[in-house]
Each structure stands twice: as C-alpha cells, then as structure tokens.
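Written out below as structure tokens is the structure these notes cover.
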C-alpha cells in the first residue's frame, strides 16, 4: 500500500495517495515504527507540495521524532532538511531552520552521503536569506 501511495503521489493523484498513506498508518503494527515514520514523512511531503505548511511541519516533526527514537539517522537527516527548508521559506524562522539544516548536513557528511552536497547548497541559500533579513531589519 505504501508503494502504491508513493506512486500515486508521483503521478499527481495526491488525494488517493493521502488516503492510501492513511490506510498504511491505520494498519501499521505499533512495533513497525520505521514504516510509520516513512509514511508520515511521505505524507508530509504531499502536504508541503499542496501548500499546507502547518500540517507538513507537524508531520515532519512526527517523522523526525520516530526516526530519532529508532536510530534511522539517514531519514532523520531528510526530515531535518525538509523542516529547515519549510521553516525558512514559509515561516522565515531562520534560526530554527539553520539549526535543522546544520544538523542534517552533519549527519549526511558523517554518512558520506551525496545528499550532503544538496543540503549544503540549501544551507548556503538559507544563510543568505537570513543575512538579508538581518540587513533589512
């Protein structure tokens, strides 16, 4: 069901994808926190793309908490990066955004992930926005 929902989301069938992700959550065994966290993360991505920032941030925070609890640090880094981007771009909460992005980058560099370069570029962009915000204040 999770793969079906992910495919539907990629094809633009977001309402169906949201329903199927919700079914996955409803039927997920309590001990399968990795599947639950991944489902919540992917659901957050849909809400972010739809412009429902509050819901997306809330869901990314839930996925982050689960990833931290189960020790899935690569996905934790992904949630941190997504939260950082949303907080900076949609809420202009640059200090929290920079903190999340720095944590994400540190994890990805430790893992020697190629995603570290992408997060580094996002971090540089957000640092520039934060600097411009300070200048204009």
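Measure nothing fancy, just the Cα-based angle from helix 73-91's long axis to the longest principal axis of the chain, in degrees from 0 to 90, nearest 10.
60 degrees
Give the relative contact order (percent, whole number) for region 73-137; include only Cα pairs under 8 Å separated by 6+ residues.
Numbers: 58 pairs, mean separation 21.0, N = 65.
It rounds to 32 percent for region 73-137.
Looking at the P(r) of the chain, how many percent of alpha-carbon pairs lie beyond 25 Å? List each step's numbers first, then the result.
Numbers: 2711 of 9316 pairs.
It works out to 29 percent of all Cα pairs.
With an 8 Å Cα cut-off and a minimum separation of 6 or more residues, compute the relative contact order for the chain in percent.
Working: 154 pairs, mean separation 19.7, N = 137.
Relative CO of the chain lands at 14 percent.
Go ahead and run the numbers for FRET between residue 125 and residue 31, Cβ-Cβ distance against an R0 of 30 Å, rounding to 0.05. Walk me through the numbers on the way to the answer.
Working: r = 39 Å, r/R0 = 1.31.
Result of the calculation: an efficiency of 0.15.
Sort 18, 131 so the one with the fewest other Cβ atoms within 10 Å of its own Cβ comes first. Numbers along the way, then the final one.
Details: 18 18, 131 11.
Result, fewest neighbours first: 131, 18.
If I fit a long axis through the Cα atoms of helix 115-136 and take the longest principal axis of the Cα atoms of the chain, what angle between them do I get, 0 to 90°, rounded to 10?
For helix 115-136, the angle is close to 50 degrees.
So what's the angle, to the nearest 10 degrees on a 0 to 90 scale, between helix 53-70 and the longest Cα principal axis of the chain?
Approximately 80 degrees, to the nearest ten.
Coordinate-derived values only; no laboratory data. Since the structure is predicted, the reported quantities are computational estimates derived from the model, not experimental observations. All Cβ positions, glycine included, derive from the backbone under ideal geometry; neighbour counts span all protein chains shown.
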